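Down below is the structure, laid out as structure tokens.
Rule-based calculations on the coordinates, nothing more; no lab input. The shown structure was predicted, so the numbers you read here are calculated from the model rather than taken from an experiment. Neighbour counts are summed over all protein chains in view; Cβ atoms, including those assigned to glycine, are modelled from backbone coordinates with ideal geometry.
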Amino acid sequence: MKIIFTRETDNATFQMGGFENNYSISTATKIPQPAVLDATGYEYSGAHGGYQTAARFQRRAFDLVFDVREKPSDPRGIISLLAQGSAFFAPSDTNLNANLFTADFYTNDKENSEFRLRHGGVSAPFSAPFNLREHFANGSISFIFGDPLLYYIGNGGSAVGGIVNFTLFPTGATPTIKRGREWTATGAVWNSGTNGGSTAWDFPHGGGGGNTTTVNFTTELPTRAQISIMGQITNPEIINSTNGSSFSYVGTIADSQILTVDTNGTVLLNNTPAPGTWSGALMAQDGLNSFVLNSDTSDANGRADIVLRGNF
């Protein structure tokens with residue numbers, strides 16, 4: 001059993017558990033389980049927060065109990081190990097903005113089930129009293145995950161169909177490969193090109209320029225799509241015609257630029273705050289979903305890569 005935490009502000013990672021790791025997961029830790037979550041009622045707010053009433057979708061509390069030991073194969077002492085753990089799990093950054101964490105659970109059960117909790121804040125800080133003579137510490141840290149659902153991250157267990165990746169091309173996009181079968185406005189045609197008639201399929205592979213792409217998706221509740229839009233493209237809009245949800249961006253994404261939209265709704269252009277304006281949330285539901293990418297203008301490189309991650 002191991003848990004890999006990712007700090008969402010900078011994508012730094014920290015592993016708990018796993019073979020030959022200084023940090024091991026205590027048997028006192030209760031691993032999150034699939035559960036029916038209430039929309040109203042009492043909500044746990046961490047070790048020092050007690051309980052409170054909530055008239056919204058319940059958040060999920062997670063208390064992690066761990067052991068830390070020095071290892072002969074690792075030159076770090078117990079104080080260095082604890083300092084690194086405490087720094088990684090700081091509740092806020094240097095600007096006093098709350099740090100959020102993603103936790104990936106690898107269970108090693110019979111099906112090698114893997115799942116993820118997203119957007120968790122520290123509710124009870126990192127604490128690990130230690131014994132220098134024993135070279136050992138027992139510690140704990142608590143989180144509140146604003147998104148209480150469990151998400152598929154691999155093919156273990158029942159994840160088949162729970163992770164879907166595909167590419168959308170905008171109306172008028174011109175593929176760049178000019179050999180083999182070539183996609184045109186009327187369909188696929190043969191182009192011998194300059195490579196002796198290669199049988200390589202021309203782009204687009206996500207459904208055609210501006211054509212609808214339909215995917216089959218497995219999820220318990222509707223989930224937000226992860227989006228990466230590559231330039232050049234102006235005023236892109238992605239629509240899920242199955243449920244009417246959409247995401248639109250007003251502005252130009254130049255060649256070599258990438259606009260990303262994460263599952264928390266954060267919009268970045270080349271990893272910095274995007275200068276344009278945007279609206280909407282692209283959602284996917286269980287079963288068939290049909291997507292299309294529209295734009296005012298685009299070149300042959302303009303496209304959108306979509307990742308859907310089902311929950312349970």
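Annotations for the structure displayed:
- Here the extension length gained between Ser24 and Asn264 equals 83.5 nm, from 0.36 nm per residue of separation less the Cα-Cα distance.
- Fully extending the segment from Gln257 to Thr277 would add 5.6 nm, taking 0.36 nm per residue of separation and subtracting the current Cα-Cα distance.
- Efficiency of FRET between Asn216 and Glu111 - r from beta-carbon atoms, R0 35 angstrom, step 0.05: 0.95
- FRET efficiency for the pair Ile31 and Gln84, taken as 1/(1 + (r/R0)^6) with r the Cβ-Cβ distance and R0 = 30 Å, rounds to 0.80.
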